[in-house]
Each structure stands twice: as C-alpha cells, then as structure tokens.
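The values are calculated or read from the model by the stated rules, or taken from the named source; none is laboratory data. Predicted model, so just to flag it, every value in this text is computed and none were measured. Every residue, glycine as well, gets a Cβ built from its backbone with ideal geometry; the counts of neighbours run over all protein chains shown.
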Amino acid sequence: MIGAYMSSVPNSDALSIPEALSRAHAHWNAGQADQAEQYCQRILAAWPGQADALHLLGLMAHAYGNLDLAIAHLRQACMAPRAPAIYSSNLAEMYRQKGLLAEGEEAAQRAVVMDPSLVPGWSNLGILLQEAGKLEQSLACLERVVALTPDAPEAHNNLANTCRRLDRLDRAERHYRQALALYPNYAEAHSNLAFLLTAQGQYDQAADEARLAIELNPRLVDAYLNLADVEITRHRHGAALRALDALHAFAPQHLGGLIARAKVLKQLERTDEALELARQAVALAPYSAEAHLALALVLQAQGETDEALEQFEQAATLPGSSAEEALNGRATLLMESGRKEEAMAAFDRALEAFPGSVRVLTSRADAKTFKAGDPDVAVIEALLAEGERRSLPDLTSAHFALGKAYLDMGDAARAFSHLNTANRQKRSTFRYDSAATDRWMQGIADTFAPALFERLRRVGVPSELPVFIVGMPRSGTSLVEQILASHSQVFGAGELSALRLVIESHGPFPDLLHSMTPETAQRLGRAYLDRIEPLAHGHLRLIDKMPGNFLYAGLISLILPGARLIHCRRDPVDTCLSCYTKQFSGEQQFTYDLTELGEFYTGYQRLMDHWTRVLPSDRYIQVDYESVVDDLEGEARRLVSFLGLPWEDACLQFHTHRRVVRTASVNQVRQPIYKTSRGRWQACAEHLRPLLDALGPAAA
C-alpha cells in the first residue's frame, strides 16, 4: 500500500505517497505552508488516516498556534498501526502545552514503551511528570536523558528544573551551569538560572540573567516571567509590571503572563483588575492549578473567603505543582477567618501530602504555641541540616520558626541562635541605609512645621469615614483594630497600601509638600477615598491599620481633615523584640538587625513626638498596649468615643468576632486579653545588647 500512486496532486499526474510526503515536507521547510497542506490533504484523500500526513498537518497547525487542531491530527496519526514512537512523544508535548498533563503523560509513556532509546520521549515524559508534581519520577526520566546525551545542554537544563523543584538547589545550579558551559547563549538556561538565583536571594544576579535571556531571545516568555518574579520578590512592582508589559506586547493571552500580572496587581491593591485577570486565566485554562491558585489569592485579598477556599481546593486537587501552596493557603485562610480547629486540620492535611514542607511547617508555627517535645521542632531542625540544598527563603523561614519555638519553650539562648541567623540571612537580601532613613524622618518633621498647617488647614476632603491606626509593627495595632472592628458601625479593612500608593503617584514624599496647593490636597484626599469607599460596605467608619502610615500622619491631617488617627504605643524593647522575631510579608527593612531596629525606633519616636505637638487633639489620640491590657473596658470606651460612636458591649468580646484578620498577630487577636507579653524582653536581655544600646534612654 505504501507504494500506491495518486493522481491530481499539484504539478504531477502520478506520485507515490512517499514522493508526495517528501514534497510536502520540502514545501513546509521552504515556508510554503499552503502547498504543503495541499499535498497532505491529497495523501489523506487517497489513504484516509495516513499517519505521516496527519503528523505533518499536526506540526503545521501547532506552528500556526492552533493547538486543538494539532492535537486532533496527532491523536489520529498515533492511532495508525505502525505510527512511530516519536509521534506519540510529540502528541505528549502538545498535550502538555494545552495543560492536559494526564493525557500527555499517557502519550509519553506509550512513546518510551515503543522505543526505550527515544531521547525526546524520555525528555517529554520527564517534563510532564515535573509539571504534574511527580518529581521523583521526573528526576529518574531526566537523569536517563542526561546519561543518554551528556553533551546536550537541553538535557542538563531540564534535569536542573526538576532538581530545583525538589529543593536540591545545589544540584540544580550545577546542571544549569553545565548547560551554559555547553552552550553559553542558551537563553532558556539563563532564564531558569535567574529563577534559581531568586530563590537563593541573589536578586541582582537573577535580574541580570533574566535580562540576558531576553536579549538572547526576545520572545522567550519565561524570561519575562522570571524577571517579573525577581522584581516582585524585592517589592519593585512597577519594574515587574514593565517586564509583563513587554511580554504582553507579543503574548497578550499567555497564561503565565495573566497570572503574574494578577499577582502584581493584587500586591498593589488593584484587586478589581487582578480579579478580572485571574478569572480570565481560569476561563482560558480551566484545568490549570496555577490559574485557580491565582484566583484564590485575589479572592482572599478581597475578603471573599468562601469562594477563595473553593478555589484553593480546586488548585490543590488539579495536576500541577501548585498543590503545596494551595493547601497551605487554604489552611492559612481558615486561620485568618478564626476557624482554628479547621485550620490545624488543614495544616495536617497539607503535611500528609507534602511531608517536611517548610512552607507548611513555618505557617503552622505561627498558628500555635510550642511546648517541649513538639515533633515539628525536630522536623524543622532536620530540614535546616540539608543546608544549601534548600532555598534561602526556606532556610530563613525555618530559622524564624525555630526561633519562635524555642522562645515559646523558654530557651532564649537557642531561640536567639536561630533568630540571629534568620535575620542575618534576610538582611543580606536587600540594601538599607539606617542613617538615610533617620534623616528622611527628620526631614518629614521639618517639612510639617506649624506654618504649613496654618496655610493648608482644613482644605482637604472632610470625610469622617477613615480611621488610621498607626505605630510601630507589633505595638498592639491589630488588637486595637479588632476591638473597634467588633463595633457594628466599624469595618476593619486591615493593612492597606492605599495611602502610600496615592502619595507615591503624586511625587516624592515629603518633597511634594513644598508645592502643595488646596487643589492638590483635595485631589490626594479624593484619590484615597476612591480606593477605600468600596470596602466600607455601608459602615460609618473604616479602619486602615497600616502601621507605617505614622510617616504620613501630618499629610493625613491636611488631605483628610475629618479622619481620625490612633497611635498605638508599647514598651519600646518589647515592641522591637517582637519585630525581630517575625519575618514580615511586606517591606520592614529596619527590623532585621538589632542596632538598625533600635535606631529606627528612636527616629520613629522623635517623629511621633512632633505629631503630638502639631496635630489637632480632637483627631489624634494615643493608646498604650499596656493600658489596654490593664483596663480593657476603659480604653475600649475611650476609643469608641473618639470615633464618635455609641458604646457596644461587643467591643469587649473582640476575640469572638469572626472577621478575617490578615496580620502577623492573627493568633493573638483570637484570644482574650492576656498579660504574658508584657516585659517579655527581660528574659532575653543578654541577647539584646545591640538593641538596648541603640535605644539608649528609651529602653529604660
């Protein structure tokens, strides 16, 4: 049958099928797609189901971006009795690109059974298993590929990708470097090395590698995503969006691009835009775990708890590498929602699926109080013993978790051994100038002189909706918010970046005050209210509990003269100690060195003293954490009165309020008032000498 002849083929009266196939391939290789397709269609007219013609049509459809048609052609080609193994391998890769990982794995398995020496088959199977989260099986496949083709840079690159996902970072880097030694202009390996370097905390080098990958291959999608990832990691969201804009220019519907942009916009609190993109990603790839995870995270940020839990569950059960993050995210959201028993069960479920997960173990560490003999301590200690196999963020998180655990158990020496290492590791990942920060805060005080308030008094938007709770992190801001948010007319919005983003969009602070006009004040106030009013849901007061807004207290008084400010204070050393024990999700760069922490506190206190002198007393009050602990009802009544609201007894039962709390203090605000945190630093005094020296008289 293979020698059959056909008529009516272009430019030929009678060609054999092999000759027609040869001409089809020749036309395709010459860029003459129409002629190639005509030959294939004539072959199929003479021999329906002819595998080689179907395979070529599939490759052509894939090249032109029609993945569904490509899969249909290749699937039919593979049904032929003697279809080569490579056809099943190619079908597997197209299934992978479509996100159909189970179907792809089946096709790739079929390919290597048919031909155990087929390198592309093992490679495609290894990559499919990698994306499905079957990492040990992937490792075995890709090790076989390297053994069969030790001088192939692609083989080393693919093996490195699986090693990286297995947290064998030392081995991953070795294979990326080997791939680049074999092929220095290998854009994909440069891009993947960028992702690895981000995990190792080497952000400048990571960005350089990603940019080099883009220079080598301007249409390499992953390079743009990895550049965006490193910028997101170091909180440079504008730079991340620029990288994603460049990707969007040539791949506007790329799933990874949509997901990455949704995550950046969520960080910028542009959650409506983020939600639209995340839903678009799910619609585009309904079986993508990554898309459902992105949607869950945005819904969580919007306070849509039930739907977010559903999306976390979807992401956890779909094939892919997102299940660990999804299960951990679900448990964390349950904790934030005050459903502690369900949360602890969810953490257990996550650890059953991913034993030894640093992500899950450290999240659970924040949610509980350790006692002697807690098995998690030994597990986390063992993870640390793996050393550089693990990513720097994992190692840092593990040290923070053990620091907390040993503090809970009263072993200050071991606690500070881990806390000092954790903070040193975190501090190594960014640049911070303590002296420059101090000068900046002093410049803020100098700018907001009494004459400025006199010139711009009450020119802003007079809304009474906003209530700002400000102060140092870990100074009782979450407790005060929880007390007030238990009132029926108060909505606790948590820590919003809205004010900072509005200010940054109008110029550098405090320099923008030099040209401030009443119109500018109105514009800034209105821009902030536009961001928060949709969150209030009809409440008379909305709390913005971003502690760092203490920097902007003077500006708040100008642009929002009806706003109220509550400054939370706590013992300076207890405050700083609590900061030092936490790895913050946002930028709190001053907290990772005891001397710098003390220096920042001193500058903060000086600025707060200035605000006390210049801000109107009917819109600014101070509350001490210790006073709240000693006299909950008295302080709660004073705070409610300050908000201009009638008293409600619910404010005394704040720990039973079921609102979502997204803060480092989530566990504490779910408990009744307790006094064990007062004077906590004294048991650790010998380990705090740099802090005490920097605080000076404030520590007394």
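Things worth noting here:
- Members of region 43-86 found to be more than 25 Å from Asp115 (Cα to Cα), surrounded by fewer than 22 Cβ atoms within 10 Å (Cβ to Cβ) and either modelled with pLDDT under 90 or of a type in the set (Ser, Thr, Tyr) (or both), listed by number: Leu44, Ala45, Ala46, Trp47, Pro48, Ala61, Ala63, Tyr64, Gly65, Asn66, Leu67
- Residues considered: Pro462, Pro508. Of these, the only one that is more than 33 Å from the chain's Cα centre (by Cα), modelled with pLDDT under 95, in the same structural domain as Gly644 (by TED's automatic domain parsing) and surrounded by fewer than 21 Cβ atoms within 10 Å (Cβ to Cβ) is Pro462.
- Ser337 satisfies every condition listed in (1) at pLDDT below 95; (2) more than 18 Å from the chain's Cα centre (by Cα); (3) among the small types (Gly, Ala, Ser); (4) closer than 30 Å to Leu128 by Cβ except (4).
- Single residue of Ala132, Ala152 found to be buried (at least 16 other Cβ atoms within 10 Å of the Cβ), small (Gly, Ala, Ser) and farther than 15 Å from Ala289 by Cβ: Ala152
- Region 638-656 residues that are farther than 21 Å from Ala563 by Cα, paired with ones that are among the hydroxyl-bearing types (Ser, Thr, Tyr) and in a helix (DSSP H, G or I) (beta carbon under 9 Å, 6 or more apart): Ala650/Thr656
- Condition met for Pro646 (under 20 Å from Phe468 (Cα atoms) and at pLDDT 95 or above): yes
- Residue tally, condition closer than 30 Å to Ala527 by Cα and either surrounded by 24 or more Cβ atoms within 10 Å (Cβ to Cβ) or out of contact with any helix residue (DSSP H, G or I) (no Cβ under 8 Å at 6 or more places or on another chain) (or both), over region 568-588: 4
- Given (1) at pLDDT below 95; (2) outside any helix (DSSP H, G or I), number of the condition Ile127 does not satisfy: (2)
- Residues satisfying the criterion are absent from region 588-596 (criterion: assigned to a helix (DSSP H, G or I), over 30 Å from Ala435 (Cβ atoms) and charged (D, E, K, R)).
- Residue satisfying all of: in region 403-431; hydroxyl-bearing (Ser, Thr, Tyr) and under 22 Å from the mean Cα position of the chain (by Cα); nearest to Ala206 (Cα to Cα) among these: Thr429
Conditions (1) over 21 Å from Gln605 (Cβ atoms); (2) not basic (Lys, Arg), marked per residue:
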| site | (1), (2) |
| --- | --- |
| Ala435 | no, yes |
| Gln442 | no, yes |
| Phe448 | no, yes |
| Arg457 | yes, no |
| Glu464 | yes, yes |
| Pro473 | no, yes |
| Leu484 | yes, yes |
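- Close Cβ contacts (under 8 Å, 6 or more residues apart or on different chains) running from residues in region 681-697 that are assigned by TED's automatic domain parsing to the domain that holds Leu577 and assigned to a helix (DSSP H, G or I) to residues that are among the hydrophobic types (A, V, I, L, M, F, W, C) and loosely packed, with under 14 Cβ neighbours inside 10 Å comprise His687/Ala413.
- Ile43 being of a type in the set (Val, Ile, Thr) and more than 23 Å from Ile127 (Cβ to Cβ): yes
- Options Gly338, Gly303, Gly320, Gly329: the member that is touching a residue at least 12 places away in the same chain (Cβ under 8 Å), under 28 Å from Leu383 (Cα atoms) and not in a helix (DSSP H, G or I): Gly320
For every residue, the table says whether it meets (1) within 18 Å of Met546 (Cα to Cα); (2) outside any helix (DSSP H, G or I); (3) out of contact with any strand residue (DSSP E or B) (no Cβ under 9 Å at 6 or more places or on another chain).
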site: Gly460; (1), (2), (3): no, yes, yes
site: Ser475; (1), (2), (3): yes, yes, no
site: Ser488; (1), (2), (3): no, yes, yes
site: Gly507; (1), (2), (3): no, yes, yes
site: Leu512; (1), (2), (3): no, no, yes
site: Arg523; (1), (2), (3): no, no, yes
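- Looking across region 383-405, the residues that are out of contact with any Phe, Trp or Tyr (no Cβ under 8 Å at 6 or more places or on another chain) and under 24 Å from Leu691 (Cβ atoms) come down to Leu395, Thr396, Ser397, Ala398, His399, Phe400, Ala401, Leu402.
- Residue that is surrounded by the fewest Cβ atoms within 10 Å (Cβ to Cβ), among those in region 589-632 that are hydrophobic (A, V, I, L, M, F, W, C) and in contact with a His (Cβ under 8 Å, 6 or more places away or on another chain): Ile621
- Any hit, region 349-368, residues being under 28 Å from Asn161 (Cβ atoms), in a loop (DSSP other than H, G, I, E, B) and out of contact with any Leu (no Cβ under 7 Å at 6 or more places or on another chain): yes
- Test set (1) modelled with pLDDT of 95 or more; (2) charged (D, E, K, R); (3) buried (at least 20 other Cβ atoms within 10 Å of the Cβ) - Arg96 fails condition number: (1)
- Check on Leu220, within 19 Å of Asn161 (Cα to Cα) and crowded, with 21+ Cβ neighbours inside 10 Å: no
- In summary, Ala445 fulfils each of the numbered conditions (1) in a helix (DSSP H, G or I); (2) modelled with pLDDT under 95; (3) touching a helix residue (DSSP H, G or I) at 6+ places or on another chain (Cβ under 6 Å) with the single exception of condition (2).
- Being out of contact with any Lys or Arg (no Cβ under 9 Å at 6 or more places or on another chain) and not hydrophobic (A, V, I, L, M, F, W, C) is a property that Gly410 has.
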